[in-house]
Amino acid sequence: MSHRPSAGRVTSAKIVIAGGFGVGKTTLVGSVSEITPLTTEAIMTSAGVGVDDNRQVPGKMTTTVAMDFGRISIDRDLILYLFGTPGQTRFWFMWDELVRGAIGAVVMVDTRRLADCFAAIDFFEHRRLPYLIAINCFDGMQYHNAQDVRDALAISSDVPVVSCDARNRESTKNVLISLVEYVLTMRRTRAVAPA
Amino acid sequence: MPERDEPTGALVRPYAVTRGRTRPKLEIALEALVETTVRGRSGMMRGGQGGSEHQYIAEMCDGGRVQSLAEIAARMQLPLGVARVIVADMASDGLVAVYEPTSLDDETDAVGTELLERVLSGLRRL
Ligand SMILES: Nc1nc2c(ncn2[C@@H]2O[C@H](COP(=O)(O)OP(=O)(O)OP(=O)(O)O)[C@@H](O)[C@H]2O)c(=O)[nH]1
Ligand SMILES: [Mg+2]
């Protein structure tokens, strides 16, 4: 818990951690978070239209969607949150809320199940949220050719593709650093030459 | 970690806390930070109004320990929408201050760029 004199405006930022089922999202969040990852739940109606706000009424069929997240105190007045996306991509209503205002996203990939991340990539491209690909190196699968993954995913050449070990704090740190560097570079480029 | 895969009647209960209201008085981002105000602190010591949820949140976010809406919901094991209604009520009663995240939408905005640079140097220091 950070204690803070009441000077300066406190603010927060977030990064989204996405990827297929069991790809290592929670592990990645846990490896850098200063708190044990927490889980928060949102409710939606069975119709799929009801977001967790005004349509939730007793009696309707409801379903919950869980997201886990961690926290990193960046400095005295700035907290970074890492939000893991819900495993099932059908919960799009939650994804909207997750990406709103986010710095960017890490799309975790298991090379044995590449297709699992397609939905996330499509979503971020559609929302124009900057993302990078992090290949989670499960045991015995250390050296992947980033170019092969890039080709298989058909992503643009400027999207960074990095390898990581989600269990390792340094490795996770480097993934996050790469993402923020990428976002900053894009931002500077666009600020100089607006599209 | 709580496991709830099937919708259950129990899910309806938390909305009793908000007297059935599902529309918050204020839209609050998941990662918005909440801090107990002086007024919230004195309300807490007097036993407060608004019920035990208010008390709990006021304590959790007191003494410079800011917490995000997501943390409040998770620690209280309340659905996000319910926590949002409660926190918005507390904010409108002046019991907590809500600090919204810095917007990154405008790519030419120096404030957003400065925030990203702070995040980057913070991550490098970790
Ligand atoms: N060997 C190895 N195992 C890993 C690695 N990352 C995660 N795991 C393991 O893979 C399993 C799934 O990891 P999680 O972090 O729970 O994956 P997740 O993406 O959060 O899973 P869901 O939330 O269920 O979609 C766990 O048993 C982890 O311990 C890794 O880099 N190497
Ligand atoms: Mg998980």
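Laboratory data are not the source of any read-out in this text; all were calculated from the coordinates shown. None of these values were measured; they are calculated from a predicted model. Positions of Cβ are generated from backbone atoms using ideal geometry, with glycine treated the same way; all protein chains shown enter the neighbour counts.
Annotation: amide H of A:Lys14 within the under-5 Å range of A:Tyr81, A:Ile103, sequence separation 5 or more or interchain, hydrogens built in the peptide plane.
Each residue in A:Cys137, B:Cys61 was given a count of other beta-carbon atoms within 10 angstrom of its own, and listing them fewest first yields A:Cys137, B:Cys61.
Contact order, relative form, for the range B:25-126: 36 percent (alpha carbon pairs under 8 Å, 6 or more residues apart, mean separation divided by residue count). Between A:His126 and A:Arg167, the C-beta separation translates, for a Förster distance of 22 Å, into a calculated FRET efficiency of about 0.10.
For the peptides A:11-21, A:122-132, B:33-43, the ranking by packing is A:11-21, B:33-43, A:122-132, with the highest mean count of neighbouring Cβ atoms within 10 Å listed first.
Take each residue of peptide B:60-73, count the partner chain Cβ atoms within 10 Å of its Cβ, and average: the result is 4. Peptide B:91-101 has a mean of 2 when you count, residue by residue, the C-beta atoms of other protein chains within 10 Å of its C-beta.
Computed extension gain for B:Ala110 through B:Leu26, at 0.36 nm per residue and net of the alpha carbon distance, reaches 27.5 nm.
Subtracting the Cα-Cα distance of A:Ala191 and A:Ala146 from 0.36 nm times their residue separation leaves 13.3 nm of extension gain.
Here the range B:12-125 is treated as a Stokes sphere of Kirkwood radius computed over C-alpha pairs; at 10 °C and 1.306 mPa s its diffusion coefficient rounds to 105 µm²/s.
Per-residue shielding of B:111-122, expressed as the average number of other chain Cβ atoms within 10 Å of the residue Cβ, stands at 6. Relative protection proxy for A:28-34, A:80-86, B:92-98, from highest mean packing down: A:80-86, A:28-34, B:92-98 (other beta-carbon atoms within 10 angstrom).
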